[in-house]
């Protein structure tokens with residue numbers, strides 16, 4: 001487009017025009033540059049009304065449409081993920097985001113789990129793909145050169161034997177203990193545990209726990225729903241340690257002050273309080289704040305004794321369910337039965353746990369076998385030494 005000389009406006013700026021739109025600049029070159037950028041974007045197929053839209057603005061517009069069909073919990077998870085990404089590009093146009101910029105954000109996820117990183121990347125990739133379809137950008141910055149960290153293998157684990165014993169010992173010391181026992185010895189998810197009504201759902205005569213409901217949280221408030229999957233409706237054997245704990249309970253296992261279902265924040269705070277109690281139990285009733293400061297501790301140190309090392313308790317709520325899966329495997333329970341008791345709709349997740357445990361057992365078996373062979377090899381050296389070095393000693397009486 002020809003560049004006619006622009007007149008200086010009264011406000012000290014120059015103005016270029018194209019398609020009925022005006023482009024301003026402090027110099028003629030700046031005004032022409034804005035106009036030419038618009039014309040190029042138009043020629044490339046970009047929408048004029050979408051050109052220049054920022055990452056945070058597009059994310060706020062895109063998410064409610066792209067994830068309209070998911071439940072509130074899932075949507076809020078997506079919103080948190082996309083918000084962390086958008087916060088790194090506040091005020092930055094979509095078209096200005098480079099693959100290296102995306103890599104810089106993704107690298108910061110390296111401490112997260114593999115599944116979290118996979119969902120995060122898929123979400124961001126989907127947003128930029130939609131931006132291309134909308135004509136806001138020509139191409140997505142998520143190219144093959146973008147660095148995506150591997151992430152951790154998984155944040156959940158089976159509790160060690162001493163931790164399992166600690167959970168059992170905690171009964172009577174904290175009102176969250178029955179809930180922990182229910183998740184550890186019946187494999188219930190958090191929401192299933194919160195919905196369980198002992199009077200209604202536990203048949204002590206038949207020795208069965210009936211799972212048919214779950215609690216979900218919407219804006220911190222509990223709502224009764226169906227379990228996570230159709231397979232979530234199930235019967236689980238009532239094992240002895242759990243029977244003794246549940247027998248005295250009438251109604252819900254865990255309740256708020258009003259006797260109804262707890263809020264999400266209430267559950268979280270209750271669990272945090274429980275972890276403090278567990279840590280005190282694990283350390284002989286001591287509170288970490290007073291560790292080494294009590295009269296007894298000081299007297300022990302003064303007499304030349306040493307305090308036992310402090311045992312830190314780090315448990316996540318889902319670890320209880322993971323522990324149940326591990327106990328099933330250690331007991332030789334087949335995958336189909338384990339799936340039924342845990343309420344899994346497919347084998348994938350359980351097979352991952354079983355495969356991991358089988359691999360650990362194989363490694364331990366290989367190490368044990370190597371030690372056994374080493375002992376045989378050592379003893380054979382002695383025998384051969386006696387045989388080769390002195391026939392008479394082998395034959396003597």
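The values are calculated or read from the model by the stated rules, or taken from the named source; none is laboratory data. Every value quoted in this text rests on a predicted model; they were computed, and no experiment measured them. Positions of Cβ are generated from backbone atoms using ideal geometry, with glycine treated the same way; all protein chains shown enter the neighbour counts.
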(message) Looking at segment 260-272 only, could you name the residues that are part of a helix (DSSP H, G or I), surrounded by 13 or more Cβ atoms within 10 Å (Cβ to Cβ) and touching a residue at least 24 places away in the same chain (Cβ under 8 Å)?
(response) 264, 267, 270, 271
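This table checks each residue for (1) outside the structural domain of residue 75 (by TED's automatic domain parsing); (2) over 30 Å from residue 283 (Cβ atoms); (3) surrounded by 16 or more Cβ atoms within 10 Å (Cβ to Cβ); (4) within 27 Å of the chain's Cα centre (by Cα).
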site: 198; (1), (2), (3), (4): yes, yes, yes, no
site: 208; (1), (2), (3), (4): yes, yes, no, no
site: 234; (1), (2), (3), (4): yes, yes, yes, yes
site: 258; (1), (2), (3), (4): yes, yes, no, no
(request) Could you tell me which residue of segment 106-116 is surrounded by the most Cβ atoms within 10 Å (Cβ to Cβ), considering only residues that are within 10 Å of the chain's Cα centre (by Cα) and in a helix (DSSP H, G or I)? (result) 116
(message) Residue under question is residue 166, and the condition is that it be touching a helix residue (DSSP H, G or I) at 6+ places or on another chain (Cβ under 8 Å) and buried (at least 22 other Cβ atoms within 10 Å of the Cβ); does it hold?
(response) no
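Residue-by-condition table, conditions (1) outside the structural domain of residue 169 (by TED's automatic domain parsing); (2) more than 22 Å from residue 167 (Cβ to Cβ); (3) in contact with a helix residue (DSSP H, G or I) (Cβ under 6 Å, 6 or more places away or on another chain); (4) touching a residue at least 60 places away in the same chain (Cβ under 8 Å):
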residue: 285; (1), (2), (3), (4): no, no, no, no
residue: 290; (1), (2), (3), (4): no, yes, no, no
residue: 297; (1), (2), (3), (4): no, yes, no, no
residue: 303; (1), (2), (3), (4): no, yes, no, no
residue: 310; (1), (2), (3), (4): no, no, no, no
residue: 326; (1), (2), (3), (4): yes, no, no, yes
residue: 336; (1), (2), (3), (4): yes, yes, no, no
residue: 340; (1), (2), (3), (4): yes, yes, no, yes
(request) Please tell me if residue 138 is surrounded by fewer than 22 Cβ atoms within 10 Å (Cβ to Cβ), over 23 Å from the mean Cα position of the chain (by Cα) and not in a loop (DSSP other than H, G, I, E, B). (result) no
(request) Test each condition in (1) touching a strand residue (DSSP E or B) at 6+ places or on another chain (Cβ under 8 Å); (2) farther than 17 Å from residue 192 by Cβ for residue 264 and report the one that comes out false. (result) (2)
(message) For the structure I just gave you, tell me whether residue 146 is farther than 30 Å from residue 111 by Cα and either buried (at least 18 other Cβ atoms within 10 Å of the Cβ) or in the same structural domain as residue 232 (by TED's automatic domain parsing) (or both).
(response) no
(request) Return only the number of the condition from (1) at pLDDT 95 or above; (2) assigned to a helix (DSSP H, G or I); (3) closer than 27 Å to residue 340 by Cβ that residue 278 does not satisfy. (result) (3)
(message) For segment 60-105, which positions are surrounded by 14 or more Cβ atoms within 10 Å (Cβ to Cβ) and assigned to a loop (DSSP other than H, G, I, E, B)?
(response) 67, 92, 97
(message) Quick check on residue 323: is it modelled with pLDDT of 90 or more and part of a helix (DSSP H, G or I)?
(response) yes
